[in-house]
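The values are calculated or read from the model by the stated rules, or taken from the named source; none is laboratory data. What you are looking at is a predicted structure, and each value in this text was computed from that prediction instead of being measured. For neighbour counting, all protein chains shown are included, and Cβ atoms are generated from backbone atoms with ideal geometry for every residue, glycine included.
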Amino acid sequence: MHLDDAASATVPEPLLTDPYQDPARSAELADSVSMAALLLLERLSPLERAVFVLREVFGFGFPEVASAVGRSERAPPPPLEAST
């Protein structure tokens, strides 16, 4: 995308109503978030999955996560794989 394209891109309209006020819509959104989380966890390696869960779900600090997965705190992250 060029700078000119970004400047002319339209911004979506703000939501005027809360989608969580409708129980059916709320359930649909919750299902979407759950599916996204499952897909994320499925695509991570076992080590990445452990680190993600320890940090994001349980709120462990970097030293605790490093100790739990047997890595040094300064270990670089594994290279990201390009999605195909």
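Among all residue pairs at least 6 apart or on different chains, which show Cβ distances below 6 Å where the first residue, located in segment 54-72, is closer than 17 Å to Leu41 by Cα and the second is at pLDDT below 90 and assigned to a helix (DSSP H, G or I)? Between residues of segment 54-72 that are closer than 17 Å to Leu41 by Cα and residues that are at pLDDT below 90 and assigned to a helix (DSSP H, G or I), there is no close pair. Selection over segment 42-51 of residues that are touching a residue at least 12 places away in the same chain (Cβ under 8 Å) and surrounded by 12 or more Cβ atoms within 10 Å (Cβ to Cβ) gives a count of 4. Meeting the requirement of 2 or more residues that are modelled with pLDDT of 85 or more, the helices (runs of 4 or more DSSP H) wholly within segment 1-74 are 23-43, 46-52, 62-69.
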